[in-house]
Every structure is written in structure tokens, then in C-alpha cells.
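The values are calculated or read from the model by the stated rules, or taken from the named source; none is laboratory data. All figures in this text were calculated on a predicted structure; none of them were measured in a lab. Backbone-built Cβ (ideal geometry, glycine too); neighbour counts: all protein chains shown.
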Amino acid sequence: MPANSHSASPIRFTTVPSSLGVVLVACSARGIGAVLLGDERVELEQELVRRFPNAVRSDDPEIAALARRVVDVIESPSHGDDLPLDLQGTAFQREVWEALRAIPAGTTATYAEIAERLGRPAAVRAVGQACGANNVAVLVPCHRVVRGDGSLSGYRWGVERKRALLQRERTERAR
DNA sequence: TATTCCTGTCCTG
DNA sequence: CAGGACAGGAATA
């Protein structure tokens, strides 16, 4: 049991294919620290290492099982998730991400609504910033936040994926 | 329609 | 440390 001093505990990751492209799942001892979406495996690995320099690839079955569960949530949003998360961010960012998790699948909220929910109605723009800083795609549903005029605005992993996720969740909710 | 300002955070010089 | 850039939005002209 290596007692780690100030260098964070190792973060292990693996990648799996999905209908939305490659999914990279990384986790620490506390839980899932990152879920990245992209077109190419290498691209995602580079992005992860940029954010977590101490991340290492792992073929641990435990990680693989976790990754499979993440893909399940992606493919079938109504599946619900109780996966352990290890979110790192400022107090404000955590508040935002917490608020996002309260948005039911199949529905959306505006950046203004989130800001209001936090008691900071004027911090709308900061909310957008916090969403973009989120490392855990899908499980922290930043894709369910839209503009006041209904447009999808942006998405860190591509607006097309945002559109696909929302459409899928609406379909699941309808049945 | 075009500016301007607001808010929290990050990035860059 | 200062200034600019953002996945927004309301107010003003």
C-alpha cells in the first residue's frame, strides 16, 4: 500500500467503443474522475494526461467493468446511475455540477435556471464556464443545459454528441 | 441589430 | 499581477 505524499493517488483508465465514439473512463480510489468522449482513442488519452499527468492505462477487470457500466448509461440513459464519482473543482464548480445532476434525464434546463437555483442569478456566464470545466461527461449531465432561446449552444465534446444524447434521453423518457 | 455590463474562472503575458 | 476569453443573458440605444 504505497502511502502517497503530495503526488495524487494514481488514476487508472481504459477506453471502450460506443455508439457515440470512443469513451475513456478514468478513476481514482474514490471513484470516476473523468469520462471523455471523442473520435479517436489517442486523442482522448492525450487529453486525459494533460489534465491528469499521473494517469496510467490499466487493463484491470475492475476498471473495465466500471467502463462498461458507463457505456450502459450512455446507451440507455434511463438505466440510471449510482456510480461513485470523484469530482475535482472549485466550490462554485461543485455547486454547479451538483445542480446538473438534479436535472432529470429527458429534460433540459437553461444556464439561467441553474444560476438561479444556486442563488446567483447573475452568474449565468460563470455557470457556462463551470460546465465546460467538467471532466465527467454524461454522468454529470452538462449536455442537459441549453440556452435560454432553446439552442444547444456549445458542448465540450461536440454539439452533435450533445444533440444525440438529448434525443436519446427524450426517446427513453417517452416510453 | 449592436453595444455594454455582469459573474466566476482560467489562460496568457 | 493585469487583461482577455468563455458553452449566457438582460438592459440599453
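Quick look at the values:
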{"read-out": "Evaluation of A:Ala115 against (1) part of a helix (DSSP H, G or I); (2) more than 16 Å from DNA strand B (Cβ to nearest atom) (one fails), failing number", "value": "(2)"}
{"read-out": "Pair list, Cβ < 6 Å and 6+ apart or interchain, from region A:144-168 residues that are of a type in the set (D, E, K, R) to residues that are assigned to a loop (DSSP other than H, G, I, E, B) and within 16 Å of DNA strand B (Cβ to nearest atom)", "value": "A:Arg147/A:Ser153"}
{"read-out": "Residue in region A:18-40 that is among the acidic types (Asp, Glu), modelled with pLDDT under 95, under 15 Å from the mean Cα position of the chain (by Cα) and not in a strand (DSSP E or B) present", "value": "no"}
{"read-out": "Residue identified as more than 26 Å from A:Arg51 (Cα to Cα) and away from DNA strand B (no atom under 15 Å from the Cβ) among A:Glu160, A:Glu172", "value": "A:Glu172"}
{"read-out": "Search result, residues across region A:53-93 that are outside any helix (DSSP H, G or I) and within 30 Å of A:Val124 (Cβ to Cβ)", "value": "A:Gly80, A:Asp81, A:Leu83, A:Leu85, A:Asp86, A:Leu87, A:Gln88, A:Gly89, A:Thr90"}
{"read-out": "Pairs with Cβ under 8 Å, 6+ apart, first in region A:50-66 and basic (Lys, Arg), second assigned to a helix (DSSP H, G or I)", "value": "A:Arg57/A:Glu45"}
{"read-out": "Exclusive hit being within 10 Å of DNA strand B (Cβ to nearest atom) and in contact (Cβ under 8 Å) with a residue 40 or more places away in the chain, set A:Ala130, A:Ala105, A:Ala126", "value": "A:Ala130"}
{"read-out": "Answer residue from region A:124-175, given it is under 17 Å from A:Leu87 (Cβ atoms) and part of a strand (DSSP E or B) and is nearest to DNA strand C (Cβ to nearest atom) among those", "value": "A:Val145"}
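The rows are residues; the columns are (1) of a type outside the set (Gly, Ala, Ser); (2) surrounded by fewer than 19 Cβ atoms within 10 Å (Cβ to Cβ).
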{"position": "A:Gly89", "(1), (2)": "no, yes"}
{"position": "A:Phe92", "(1), (2)": "yes, yes"}
{"position": "A:Leu100", "(1), (2)": "yes, no"}
{"position": "A:Ala112", "(1), (2)": "no, yes"}
{"position": "A:Arg117", "(1), (2)": "yes, yes"}
{"position": "A:Val124", "(1), (2)": "yes, yes"}
{"position": "A:Cys131", "(1), (2)": "yes, no"}
